[in-house]
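Every number here is computed from the coordinates shown, using simple stated rules; none is lab data. Please read these numbers as outputs of a predicted model, since none were measured by experiment. We place every Cβ from the backbone using ideal geometry, glycine too, and count neighbours over all the protein chains shown.
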Amino acid sequence: MYELIGDAEETAYDLLLERPGTTLAELAAMWSGPGRLSDALARLEAAGLVGVQPGNPPRYTASATDVVAGLLQEREASLDRTHDHVLRLTEAYREARADVDPHVVEVVRGRRAMEQAVNQVQRSARRELCCFDKPPYLHLESTAATDRELLAAGVQSRCIYDRAAVEESGGLPTIEELIRVGQQARVLPDLPMKMYIADGQRAILPMQPGPIGQESAIIVHPSALLDALRTLFDSLWHRAVPLHLPAHRGGGESRNRTTEIDDGRLVVLLLSGLTDEAIARQIGVGYRTVQRRIATLMSDLGARTRFQAGVQAAFRQLSSRPAGGGRPSLPD
């Protein structure tokens, strides 16, 4: 199975794109990424993203970026397995719920009680709030307002948004507003649940209404279950596509034509799996304009599918970044 590719691996890959056939010592002189360079190169080699040329010393070369499609497919399969595992855990929890220690898990029932519990868990965060965000929403604006207050107070916020959250009317502008004030945001096509984790000490999982229509939430206190939920969040965080603000649009630039700035957002939305109609709504252009731009992008890149076009465009952005630019992003 491929190892997870993180910030260190992205930085090392970026260096090798600019300087193929480089030795470890030469790379180390330019290294500014997190962690150990040798570990990052080993993971890239295991994932098939780096080739090693024999010699004394050996030299490293970045592999063709089309192998990334296979890597992402493997990650999607891994995500599917994780999703199935969560469903099994949820079913096991339901079967054993009557015997669960109330000091580990508690159930809150009723809409008002659930809203209050979610707000309490959010506001209990002092260092970091981690979130899986997906519809349906109770009060989106009040939740976003709480997020803004926490960010202003210096609490780190990392949120993975379900594709449906990005498609939601007003969803992307709200997300971009939170990114603007400091939230780290990523997106996945299908999250297994809605969840908040405060400081790794308490989690809350709002549940879908049951057979009688009553809304409820599960609050998880420090335990092996809470540790598993935090591990799940970290695993999906590494698989998710980063969301970034679009570059500043000059005042004289038309909102009605697809620009290079829109292309940057287009890449993220393609990788997120949104439909053409949803992409058109989110970037503020016509449906047929989006269709033409995607078709042109696929033709320019020689991609057979929308997903391949998104992957190849994202890696072109990585490889075109100047040296010393810090962490690569998708997109700028």
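Summary of values
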item: Distant-in-sequence amide H partners of residue 187 (H built 1.01 Å from N, under 5 Å); result: 161, 241, 243
item: Separation in nanometres of the label points that stand 7 Å from Cα toward Cβ, at residue 291 and residue 123; result: 5.0
item: FRET efficiency estimate (nearest 0.05) - Cβ-Cβ, residue 23 to residue 153, R0 51 angstrom; result: 0.65
item: Backbone HN-Hα couplings from phi across region 39-47 [Karplus 6.51/-1.76/1.60, Hz, Gly and Pro as x]; result: 5, 4, 5, 5, 5, 5, 5, 5, 7
item: Cβ-derived FRET efficiency at R0 41 Å, residue 89 paired with residue 30, nearest 0.05; result: 0.40
item: Residue 234 versus residue 53: modelled label distance in nm, points set 7 Å from Cα along the beta carbon direction; result: 3.7
item: Residues residue 199 and residue 46, FRET efficiency given R0 of 45 Å [Cβ-Cβ distance, rounded to 0.05]; result: 0.85
